[in-house]
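Since the structure comes first, as structure tokens, the remarks are kept for the end.
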Ligand code: SAM
């Protein structure tokens, strides 16, 4: 095996502050906005000239949150309820050799502020701080394959989860102006049912928490119903 050395060209500034509750693929939650901040060496317009002609881009990145945990030959895809194993190369699992991930995301704009060049992205599935190792434009004529099928992951994952907010939480969200899409963002994250497979099989009310942006959010799950019970600045 050859060894290569790769350095990040930038990193992601994302509302997802922990792994739990991040959607399992990009574009499942369109309200998930992020910035790609270029590293000083790549902080020049020349590197991205022409990129604004593309609506979507591929991000190649390092699963930095789990890279030190190594990999296994076989993994349990959440799609299969955590009961069945597949070869790591037959999945999009995070625990893989080289810990490299890829996501096709929406490119919403380019920002140049206080000498810092950034790409404005939406529909991301990346943890805050994720190192980006390359960017490529998404090419519909080649990347979108009409005749493709995908076995155990053939369809967009759908759940029947409903989401409700207590009046206090709704009021809090409506009062803040920094993130106009916050209500839909939280709602769509919870509709993905981020719970691990073994929790989904349990009966009774369960309580969970996550941090989005700088908000600590708590919710309760009962059957297929979520109630967001609290939100506060962290
Ligand atoms: N779209 C990518 C791919 O196919 O390579 C990622 C798929 S992976 C199944 C998505 C999960 O990776 C997310 O739900 C989140 O838990 C995890 N994740 C995202 N960014 C990460 C990071 N920087 N380090 C470790 N795990 C991360």
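No lab work stands behind these numbers, since they all come straight from the coordinates. Keep in mind it's a predicted model, so treat the numbers as computed, not measured. Note that we place each Cβ from the backbone using ideal geometry, even for glycine, and neighbour counts take in every protein chain shown.
Residues of the stretch 209-231 that are surrounded by fewer than 19 Cβ atoms within 10 Å (Cβ to Cβ), part of a strand (DSSP E or B) and in contact (Cβ under 8 Å) with a residue 24 or more places away in the chain: 211, 225, 227, 229, 230. Of all the residues in the stretch 194-234, those that are in contact with a strand residue (DSSP E or B) (Cβ under 8 Å, 6 or more places away or on another chain) and closer than 19 Å to residue 32 by Cβ number 16.
Only one of 135, 173 is part of a helix (DSSP H, G or I), surrounded by 12 or more Cβ atoms within 10 Å (Cβ to Cβ) and touching a helix residue (DSSP H, G or I) at 6+ places or on another chain (Cβ under 8 Å); which?
173
Residue 78 satisfies every condition listed in (1) within 20 Å of the chain's Cα centre (by Cα); (2) away from the ligand (no atom under 13 Å from the Cβ); (3) closer than 17 Å to residue 153 by Cα except (2).
Taken over the stretch 177-194, residues that are part of a helix (DSSP H, G or I), within 16 Å of the ligand (Cβ to nearest atom) and under 15 Å from residue 123 (Cβ atoms) amount to 4. Screening residue 49 on (1) over 21 Å from residue 143 (Cβ atoms); (2) more than 10 Å from the ligand (Cβ to nearest atom); (3) in contact with a helix residue (DSSP H, G or I) (Cβ under 8 Å, 6 or more places away or on another chain) shows it passes everything except condition (3).
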